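Trainee: Below you will find the structure I want to go over with you.
The values are calculated or read from the model by the stated rules, or taken from the named source; none is laboratory data. Keep in mind it's a predicted model, so treat the numbers as computed, not measured. Keep in mind that these areas ignore ligands, DNA and RNA; they rest on the heavy atoms of the full protein, side chains included. Shrake-Rupley method; radii C 1.70, N 1.55, O 1.52, S 1.80 Å.
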Amino acid sequence: MFKPASPEQAMLRQQFLESKETTAWLRFSMAGCATIAVYDTLITLSDEIELVWKRNLWMFPALLYFGNRYVTLATVLLTSYTVSPFHSSSSDAV
């Protein structure tokens, strides 16, 4: 027979649903950040080649620029992949 949920079960169910909604918003936000980061990289690539790559790449400002630009891009992309539904962690595989 159907037994009504206790208040504790109802509270846990509500917390679970809120957690799922928060996770979905996190995934959408990270996908948006990754899209904007890749878009920005692609639309400014010609200027970057002209202004940065054709100079001495081993000078401190160029290294600082590349570190800032591409480490940030890699971080955003890897974080997006980590929170995406395409990534399965070892704790999910049982």
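Trainee: Against the 2.2 N^0.38 Å scaling, with N counting residues, where does the chain land? I'd like the Cα-based Rg ratio to two decimal places.
Mentor: For the chain, the normalised Cα radius of gyration is 1.76.
Trainee: Please compute the per residue accessible area over the chain with all protein chains in place, 1.4 Å probe, rounded to a whole number of Å².
Mentor: In whole numbers, the chain has 86 Å² accessible per residue.
Trainee: Sticking with this one: Using a 1.4 Å probe, how large is the accessible area of Arg69, given in Å² and rounded to the nearest 10?
Mentor: Rounded to the nearest 10, the figure is 40 Å².
Trainee: For Ile43, Ile49, Ile36, what's the largest-to-smallest order of accessible area, 1.4 Å probe?
Mentor: Putting Ile43, Ile49, Ile36 in descending order of accessible area: Ile36, Ile43, Ile49.
Trainee: So how exposed is Leu51, as accessible area in Å² (1.4 Å probe, rounded to 10)?
Mentor: 110
Trainee: Expressed as a whole percentage, what fraction of the accessible surface of the chain belongs to carbon and sulfur atoms when a 1.4 Å probe is rolled over the protein heavy atoms?
Mentor: 69
Trainee: For region 36-51, what does the Karplus curve 6.51 cos²θ - 1.76 cosθ + 1.60, with θ = phi - 60°, yield as ³J(HN,Hα) per residue in whole Hz, taken in order and with x for Gly and Pro?
Mentor: The phi angles translate into 5, 5, 5, 4, 4, 4, 5, 6, 9, 5, 5, 5, 4, 4, 5, 8 Hz.
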